[in-house]
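Q: Can you read through this structure? Questions will come right after.
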Amino acid sequence: MSQSVLITGANRGIGLALAHVYQARGWTVIATCRSASPELDQLGAQVIADIDVAEPAAVARLQEALDGRHLDVLINNAGILSGESLDSMDYAAIERQFQINALAPLRVVETLLPNLQAGSKVALVTSRMGSIADNGSGGYYGYRMSKAALNAAGVSLARDLQPRGIAVALLHPGMVKTAMTGGHGDVTPQQAAEGLVHRIDELNVDNSGTFWHAKGEVLPW
């Protein structure tokens, strides 16, 4: 039986690239998204659309659709970015980023715990912009705060899931050329995905809870 991976936000960008990497490995890929893309449909993965991870009812539907299936890897990739500054604040946008970037991954993991067992791995796609020590430029209040919150949740998950033999990684993909970054970045989604998958390969209960760059560097909190 092939190994299985579930990827949220898999219709484009890093999520789609991750689906490609695992599909090429011969894994069973379960791709979730709010709406499928032609590129995702062509991949041949199992697509579960109409899943807004910020909506509890949608996450519950996802768990029902899995029907007790075992997941070897769960990748919480779905996220949003907006660029608030002190001179241009948007608290509604900040709250939305908290909902999707921080609360939703926690809800997905908690809801899908029945699908995980000893040896399963959870990857949280976070950002070094959530690092307090690494913040040298300010701004981006909602994104920075929500990713810092995700990092805190990820460490707690690592501690709580370690006795069950489930490992958790907090992964920064790099500055990736995607629609979310306006096409700006240092790496392509494919390059980022390959690095992320290598980090997931190396993940175990002994290094669970580590904050990694996709290239392998351990990042400061």
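Q: Separation between the Ile80 and Ser2 pseudo-spin-labels, each 7 Å from Cα along Cα→Cβ, expressed in nm?
A: Simple spin-label model gives 3.3 nm for this pair.
Q: How much length, in nm to one decimal, is gained on full extension between Asn135 and Arg164, taken as 0.36 nm per residue of separation minus their Cα-Cα distance?
A: 7.0 nm
Q: Quick one: if you stick a label point 7 Å off each Cα along the C-beta vector at Gln46 and Gln63, how many nm between them?
A: 1.7
Q: Let me ask something else about it. So what is the relative contact order of the chain, in percent, for Cα pairs below 8 Å that sit 6 or more residues apart?
A: On the way: 463 pairs, mean separation 41.3, N = 221.
Computed over the chain, the figure is 19 percent.
Q: Using R₀ = 35 Å, calculate the FRET efficiency as 1/(1 + (r/R₀)^6) where r is the Cβ-Cβ separation of Asn204 and Asp90; round to 0.05. Could the numbers behind the result be given before it?
A: Working: r = 40 Å, r/R0 = 1.15.
Computed FRET efficiency for Asn204 and Asp90: 0.30.
Q: Determine the calculated [θ] at 222 nm for the chain from helices alone, applying -39500 (n - 2.57) to every DSSP H run no shorter than 4 residues and normalising by the residue count; nearest 500 deg cm²/dmol.
A: The helix contribution divided over the chain gives -11000 deg cm²/dmol.
No value in this document is a laboratory result; all are computed from the given coordinates. This is a predicted model, so every value here is computed, not measured. Using ideal geometry, Cβ is built from the backbone for each residue, glycine included, and neighbour counts are taken over all protein chains shown.
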